[in-house]
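The values are calculated or read from the model by the stated rules, or taken from the named source; none is laboratory data. In this text, all values refer to a predicted model and were calculated from it rather than measured experimentally. Glycine also receives a Cβ, built like all others from the backbone with ideal geometry; neighbour counts cover every protein chain displayed. Just the protein is used for accessible areas: all its heavy atoms, side chains included, with ligands, DNA and RNA removed. Shrake-Rupley method; radii C 1.70, N 1.55, O 1.52, S 1.80 Å.
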Amino acid sequence: MIISGKELSAKLKADMAAEVAAFPAKYGRVPHLVVILVGDDPASVSYVTGKAKASAEVGIRNTTIRQPADISEAELLALIAELNADPEVDGILVQLPLPGHIDQARVIAAIDRGKDVDGFHPLNVAALWQKQPCTLPCTPKGIIAMLKAAGVEIAGREAVVVGRSNIVGLPVAKLLLDENATVTVAHSRTRDLAEVTRRAEILVVAIGKPKFITADMVAEGAVVVDVGVNRDPATGKLCGDVDFAAVEPKASVITPVPGGVGPMTICCLLENTIECFLRRRE
Ligand code: NAP
């Protein structure tokens, strides 16, 4: 079974559009998401464009603020302070990565926690690890939503997450743990990675290496979630971290790239924007 993140996100976006359509009558306006893009990295430009398009689809107001790559950290922090104070802004997203002269952690921490639609603010991260209410990071949230929508049983199962980044690996491991999976987190220093990944009943891969996970690394019947977004060096086409053609026959459930985790990430960003908007009205 191939889980289409594209189809699932289309359904979720239609539900959100219906919800948002009722907001002007109820609250006087729709949610407003502000995305800050520093520089013109093509991948970042394409992500930001995707976010604006998806916002429009559900009726969320989206403002993209473009800043030059040489903006100073102080100027960026001043912009964030302005948006934090603006009552017409519900969500603030700073597209990552930022240029090297800017301290990414300082910028993320400067965003009002209540407007942190990415769920990267240290207080949101702390709340996640303490099982307190918080804005969940979009990609991990989307992965759990996909597994649930596909009817995958998580509780009690062996889950292996390959990758331990703050934005994907670590939070998805925590969410799987919260769903009562037995979780192993593997990384670049893991000894005999194939032996570890073969233990997985649920395998989540977020490493950023094209087609790195081959069929011999996957157990028969495993559920495979491919987070990677890479260019296949041979064809130049988008591909995941999993060799889809080789692994798909072995997997019971698998997510494709493109059209898998990516669209669900954007969908969860919209969900988070609505959540921040509603929380500000409580
Ligand atoms: P990252 O910050 O670069 O982290 C990569 C992780 O993979 C690290 O923990 C690293 O281990 C591990 N790793 C690297 N090489 C490995 C190897 N040979 N064996 C085992 N582990 C290895 O990446 P990220 O931000 O988590 O992103 C991962 C991928 O997901 C990228 O392709 C990115 O574009 C994609 N992504 C997709 C979405 C989406 O919505 N679809 C969202 C976010 C990211 P160490 O910690 O030991 O270095």
Checking LEU83 against (1) surrounded by 15 or more Cβ atoms within 10 Å (Cβ to Cβ); (2) under 21 Å from the mean Cα position of the chain (by Cα); (3) in a helix (DSSP H, G or I), the condition it does not meet: (2)
Spans of helices (runs of 4 or more DSSP H) in segment 1-64 with at least 1 residues open to solvent by 20 Å² or more (accessible area, probe 1.4 Å), among the hydroxyl-bearing types (Ser, Thr, Tyr) and over 22 Å from LEU79 (Cα atoms): 23-27, 42-58
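Name the strands (runs of 3 or more DSSP E) wholly inside segment 101-208 in which the number of residues that are touching a strand residue (DSSP E or B) at 6+ places or on another chain (Cβ under 6 Å) and of a type in the set (D, E, K, R) is 1 or more.
Values: elements: 158-162, 182-186, 202-205.
The qualifying strands (runs of 3 or more DSSP E) are 158-162.
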Which of the residues belonging to segment 95-115 are in contact with a helix residue (DSSP H, G or I) (Cβ under 6 Å, 6 or more places away or on another chain) and either within 25 Å of VAL205 (Cα to Cα) or within 16 Å of the ligand (Cβ to nearest atom) (or both)? GLN95, LEU98
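Condition check ((1) in contact with an Asp or Glu (Cβ under 9 Å, 6 or more places away or on another chain); (2) under 30 Å from VAL35 (Cα atoms)) across all residues:
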residue	(1), (2)
VAL183	yes, no
ALA186	no, no
GLU195	no, no
ARG199	yes, no
ILE213	yes, no
VAL225	no, yes
GLY240	yes, yes
THR273	yes, yes
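Name every residue in segment 248-272 that is open to solvent by less than 30 Å² (accessible area, probe 1.4 Å) and within 16 Å of the ligand (Cβ to nearest atom), in order of residue number.
Taking segment 248-272 and keeping what is open to solvent by less than 30 Å² (accessible area, probe 1.4 Å), we get 251, 253-256, 259-261, 264, 267-270, 272.
Of everything in segment 248-272, those that are open to solvent by less than 30 Å² (accessible area, probe 1.4 Å) and within 16 Å of the ligand (Cβ to nearest atom) turn out to be ILE254, THR255, PRO256, GLY259, GLY260, VAL261, MET264, CYS267, CYS268, LEU269, LEU270, ASN272.
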Taking the residues in segment 150-169 that are open to solvent by 60 Å² or more (accessible area, probe 1.4 Å) and within 16 Å of the ligand (Cβ to nearest atom) as candidates, determine which candidate is nearest to the chain's Cα centre (by Cα). ILE167
Within segment 220-231, take every residue that is away from the ligand (no atom under 12 Å from the Cβ) and part of a loop (DSSP other than H, G, I, E, B) and give me the one that is farthest from GLY259 (Cα to Cα). GLU220
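Return the total of residues in segment 223-232 being surrounded by 23 or more Cβ atoms within 10 Å (Cβ to Cβ) and within 17 Å of the chain's Cα centre (by Cα).
Residues meeting the conditions: 5.
Taking GLU271, is it in contact (Cβ under 8 Å) with a residue 40 or more places away in the chain and either in a helix (DSSP H, G or I) or not hydrophobic (A, V, I, L, M, F, W, C) (or both)?
Numbers: in contact (Cβ under 8 Å) with a residue 40 or more places away in the chain: yes; either in a helix (DSSP H, G or I) or not hydrophobic (A, V, I, L, M, F, W, C) (or both): yes.
It is true that GLU271 is in contact (Cβ under 8 Å) with a residue 40 or more places away in the chain and either in a helix (DSSP H, G or I) or not hydrophobic (A, V, I, L, M, F, W, C) (or both).
Any idea which residue in segment 233-247 is surrounded by the fewest Cβ atoms within 10 Å (Cβ to Cβ), counting only those that are more than 12 Å from the ligand (Cβ to nearest atom) and either of a type in the set (Asp, Glu) or under 20 Å from THR139 (Cα atoms) (or both)?
Step one: list which residues in segment 233-247 are more than 12 Å from the ligand (Cβ to nearest atom), which gives 233-237, 243-247.
Checking which are either of a type in the set (Asp, Glu) or under 20 Å from THR139 (Cα atoms) (or both) leaves us with 243-244.
Numbers: ASP243: 18, PHE244: 20.
Restricting to residues being more than 12 Å from the ligand (Cβ to nearest atom) and either of a type in the set (Asp, Glu) or under 20 Å from THR139 (Cα atoms) (or both), the top hit is ASP243.
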From the list THR235, THR214, THR197, exactly one residue is hydroxyl-bearing (Ser, Thr, Tyr), free of Cβ contacts under 8 Å to residues at least 12 places away in the same chain and farther than 30 Å from VAL89 by Cβ. Which is it? THR235
With (1) within 14 Å of the ligand (Cβ to nearest atom); (2) surrounded by 20 or more Cβ atoms within 10 Å (Cβ to Cβ) as the list, and LEU147 as the residue in question, which single condition is left unmet? (1)
